[in-house]
1. Please enumerate the residues belonging to region 1-17 that are more than 14 Å from the chain's Cα centre (by Cα) and touching a residue at least 40 places away in the same chain (Cβ under 8 Å).
2. Any residue in region 234-249 that's modelled with pLDDT of 90 or more: show its pairings with residues that are basic (Lys, Arg) at Cβ separation under 8 Å, as long as the two are six or more apart or on different chains.
3. Going by the conditions given, is VAL206 at pLDDT below 90 and more than 20 Å from VAL42 (Cα to Cα)?
4. Spot the failing condition for PRO75; the list is (1) touching a helix residue (DSSP H, G or I) at 6+ places or on another chain (Cβ under 6 Å); (2) of a type outside the set (S, T, N, Q); (3) within 22 Å of LEU247 (Cβ to Cβ), and only one is missed.
5. With the structure loaded, tell me whether ALA137 is surrounded by 14 or more Cβ atoms within 10 Å (Cβ to Cβ) and in contact (Cβ under 8 Å) with a residue 60 or more places away in the chain or whether it fails that test.
6. So which helices (runs of 4 or more DSSP H) are wholly in region 15-82 and hold at least 3 residues that are at pLDDT 95 or above?
7. Within region 85-106, does at least one residue satisfy the condition of being crowded, with 17+ Cβ neighbours inside 10 Å, touching a Cys at 6+ places or on another chain (Cβ under 9 Å), touching a residue at least 40 places away in the same chain (Cβ under 8 Å) and small (Gly, Ala, Ser)?
8. May I ask you to list pairs of residues, at least six apart or on different chains, whose Cβ atoms are under 9 Å apart, with the first in region 179-191 being at positive phi and modelled with pLDDT under 95 and the second being in a helix (DSSP H, G or I) and surrounded by 19 or more Cβ atoms within 10 Å (Cβ to Cβ)?
Amino acid sequence: MNSRPDAVKILGSRVHLVTLEEVLDTLEQWIREPGGTCRQVVVTGFHGLWEAHCDAELRRTLNAAALWVPDGIAPVWIARWRGRSGAQRIPGADLLRAFLERGRERRYRSFFFGDTPETLAALQAVIGTRYAGNVIAGVLSPPFREVGPEEDAAQVAMINAAQPDVLWVGLGTPKQDRWIYRHLPVLRVPVAIGVGAAFGFVAGTVPRAPAWMGRMGLEWLYRLLREPRKCWRRSLVQGPRFLAHVLLELTGLRKYD
């Protein structure tokens, strides 16, 4: 992939127009040529865009990432509306699976940070059977409470000591993205990627919408029907507000920086 991939601005946020193969090639290049600094990859769609619109500090954090991968159909549709081709919906679970497929022969080392001990155990079992050849450098399920400086430093030390090629972070948007950004100066990992609920999807502990619903942009409806108490606000309140602001931007009635 070009060192500066094409991007589209949506409500002040920069989303890269990339394909899954291009993202994988870029990750492999970063693994081969670490460069001494950890690169951050953001994987989010409408939810991350809306959170960034509402929070200028978060917007700066996400825009500073080396790569913003469009998880969700909204950024892809908006890019196409503007006549920009090349964007592809790349859910975090799809990215993780595709990387593990490549890792079967290349024996890439992955560290999984986030989710529950049960999900991490199931994920390790799936990787050991379906994606044999990959190396699980380590797993860590952090507490849901805030951690102090010493505990935080111990977590980072554990990750660095494992020497992973990729740090996968499953804390949910925007918590995972803030965590990665805050720790970039001390992480000794080529790349850190926030993938939300991908651990559960790949492990099989969380059911995922059928592929046809994802292609039609209806994954939000599937999640709303399965987890209404958790998803109603995002789907029924934030979603319409996001669309309203996008229409204002697309029609030129309002500009977003």
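1. Step one: of region 1-17, the residues more than 14 Å from the chain's Cα centre (by Cα) are 1-14, 17.
Hits for region 1-17 are PRO5, ASP6, ALA7, VAL8, LYS9, ILE10, LEU11, GLY12, SER13, ARG14, LEU17.
2. HIS245/ARG254; LEU248/ARG254; GLU249/LYS255
3. Working: at pLDDT below 90: yes; more than 20 Å from VAL42 (Cα to Cα): yes.
Judged against the criteria, VAL206 is a match.
4. Answer for PRO75: the failing condition is (1).
5. no
6. On the way: elements: 20-32, 46-54, 56-63, 74-81.
The qualifying helices (runs of 4 or more DSSP H) are 20-32, 46-54, 56-63.
7. No - not one qualifying residue is present in region 85-106.
8. Close Cβ pairs satisfying both conditions: none exist.
The values are calculated or read from the model by the stated rules, or taken from the named source; none is laboratory data. Everything numeric in this text was worked out from a predicted model, so none of it was measured. Glycine gets a Cβ as well: all are built from the backbone with ideal geometry, and neighbour counts include every protein chain shown.
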